[in-house]
């Protein structure tokens with residue numbers, strides 16, 4: 001269980017499974033820079049990384065074409081899709 005500040009507060013069966021040897025400070029949630037583009041939410045763990053807009057560069061043209069291109073709009077059906085891309 002994590003606190004609102006990201007600290008690791010409790011681990012189920014901690015004493016039984018981990019013999020109280022977990023370093024809760026080391027396992028605290030890390031800060032992530034979050035930016036949005038066209039309704040997509042992007043998170044970045046690297047504080048030295050460029051802004052999302054700079055990172056996307058000319059690829060923004062293709063995103064804009066897909067999401068802004070049709071006059072009829074776009075409807076997505078089904079549960080949210082989540083992807084993790086290692087770049």
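Coordinate-derived values only; no laboratory data. Since this is a predicted model, take the numbers as computed values, not measurements.
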Practice prompt. Can you tell me how much longer the chain between residue 76 and residue 40 gets when fully stretched, taken as 0.36 nm per residue apart minus their C-alpha distance, in nm with one decimal?
Written response: 11.7 nm
Fill in: Over the chain: helical MRE at 222 nm, DSSP H runs n ≥ 4 each giving -39500 (n - 2.57), nearest 500
-5000 deg cm²/dmol
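Report the full-extension gain for the segment residue 83 to residue 59: residue separation times 0.36 nm, less the Cα-Cα distance, to one decimal in nm.
So the chain would gain 6.9 nm between residue 83 and residue 59.
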Item to complete: Starting from the Cα gyration tensor of the chain, take the square roots of the eigenvalues, sort them a ≥ b ≥ c, and report rounded, prolate or oblate (rounded when a/c is under 1.5, otherwise prolate if a/b is larger than b/c, else oblate).
Response: prolate
Discussion item. With just the Cα atoms defining each centre, how far is the range 21-73 from the range 1-16? Give it in Å.
Written reply: 27
